[in-house]
1. Has segment 53-69 got any residue that is among the β-branched types (Val, Ile, Thr) and part of a helix (DSSP H, G or I)?
2. If you check every pair at least six apart or on different chains, which have Cβ atoms under 8 Å apart with a residue in segment 140-157 that is closer than 21 Å to Leu170 by Cα first and a residue that is modelled with pLDDT under 95 and exposed (fewer than 14 other Cβ atoms within 10 Å of the Cβ) second?
3. Restricting attention to segment 148-155, does a residue exist that is surrounded by fewer than 18 Cβ atoms within 10 Å (Cβ to Cβ), more than 19 Å from the chain's Cα centre (by Cα), of a type in the set (Gly, Ala, Ser) and away from ligand 1 (no atom under 16 Å from the Cβ)?
4. Filter segment 177-187 for residues that are farther than 13 Å from Ala217 by Cβ and modelled with pLDDT of 95 or more; which is surrounded by the fewest Cβ atoms within 10 Å (Cβ to Cβ)?
5. Considering segment 212-228 alone, what residues qualify as being among the acidic types (Asp, Glu) and either in contact with a His (Cβ under 9 Å, 6 or more places away or on another chain) or assigned to a helix (DSSP H, G or I) (or both)?
6. As an exercise: evaluate Lys246 against (1) in contact with a strand residue (DSSP E or B) (Cβ under 8 Å, 6 or more places away or on another chain); (2) of a type in the set (Lys, Arg); (3) free of Cβ contacts under 8 Å to residues at least 40 places away in the same chain and give the number of the one condition it does not meet.
7. Using beta carbons and a limit of 9 Å, which pairs, at least six apart or on different chains, have the first residue in segment 90-113 and over 19 Å from Ile221 (Cβ atoms) and modelled with pLDDT of 95 or more and the second one more than 16 Å from ligand 1 (Cβ to nearest atom) and part of a helix (DSSP H, G or I)?
8. Could you grab the pairs with beta carbons closer than 6 Å, sequence gap of 6+ or different chains, first residue in segment 180-209 and touching a residue at least 40 places away in the same chain (Cβ under 8 Å), second one in a strand (DSSP E or B) and away from ligand 1 (no atom under 16 Å from the Cβ)?
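The values are calculated or read from the model by the stated rules, or taken from the named source; none is laboratory data. It should be emphasised that the depicted structure is a prediction, and the values quoted were computed from it without experimental measurement. Cβ atoms come from the backbone with ideal geometry, glycine included; neighbour counts cover every protein chain shown.
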Amino acid sequence: MTTYEALSNKFNSIRVSNIARNLQDLVRLAEEQELSYLQFAQALVDSEISARNESRIKLNLKRSRIPRIKTIEEFDFSIQTTISKRQVKGLLDFTWIDNRENVVFLGPSGVGKTHLAIALGVKAIYAGYKAVFYSTIDLLESLDLALAQHQLKERIKSLCKYDLLIIDELGYLPLDRKSICNFFQLINNLYEERSIILTTNKGFPQWGEFFADETSAIPVIDRIIHHSRIFQMNGESYRLKKQLEKESDAGNP
Ligand code: ADP
Ligand code: MG
């Protein structure tokens, strides 16, 4: 066994795996750059820390259930003028997550609500937060299932482990009594403890339409909007716009 292998094994045995894996390269680099002992010690520890950060981000992205990556960079603010780049960039310091505030994107279909919700979620994960994405249907289904298995409390607790819960597309389907009750319990647990990004196609006055009635909608709305930044987005559907452009291009070669 070479000295490198023996030393690598020692690093592995104390779970310092990045240094173990790259020991030879790190030493060569130090020699080439004529690092001092102190600089070398720093380079070793920095390489381990940045590798750990990277793998934590990768794991958190995997656990986030984000269906497809969307970025703020690919969001065209010249098309969606009801929200500004500055407003979105203003959310990237994540003080709203630190303060347990919520973000609500409200507006009709296709205006980019889910895109921005995902893009913020991804950035939050890169900034070191834990985020999880659920479509409303999946979320309610999972709460329903937990209730049936007498595990609702545990399920809600496990969702509260995330700093940020993204609830996508509330308002498209009417909710039954059981779902409303589960949803209220979830929101009540998250209130002032964790952050939510909510996307919805319905303005708050219309929430009574998909909740059984206004009375059950109000306590949920109250808790979501109490500490929140609400972005009303409008305009035409990006999907529709692109499809129409494609069709008109095909028609006018
Ligand atoms: P919503 O959730 O409001 O219904 P989405 O965020 O799902 O809309 O947007 C629909 C599609 O259009 C997605 O593929 C999204 O990436 C894209 N999209 C929407 N708005 C923009 C925009 N301003 N710039 C770039 N892509 C956009
Ligand atoms: Mg959407």
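1. Yes: segment 53-69 contains one or more residues that are among the β-branched types (Val, Ile, Thr) and part of a helix (DSSP H, G or I).
2. Listed by first residue and then by second, the contacts come to Asp144/Lys178; Leu147/Lys178.
3. Yes; the residues of segment 148-155 include at least one that is surrounded by fewer than 18 Cβ atoms within 10 Å (Cβ to Cβ), more than 19 Å from the chain's Cα centre (by Cα), of a type in the set (Gly, Ala, Ser) and away from ligand 1 (no atom under 16 Å from the Cβ).
4. Gln185
5. Glu214, Asp222
6. Failing condition for Lys246: (1).
7. Filtered contacts from segment 90-113: Leu92/Ala124; Phe94/Ala124; Ile97/Ala124.
8. Within 6 Å, the pairs are Ser195/Asn102; Ser195/Leu164; Ile196/Asn102; Ile196/Leu165.
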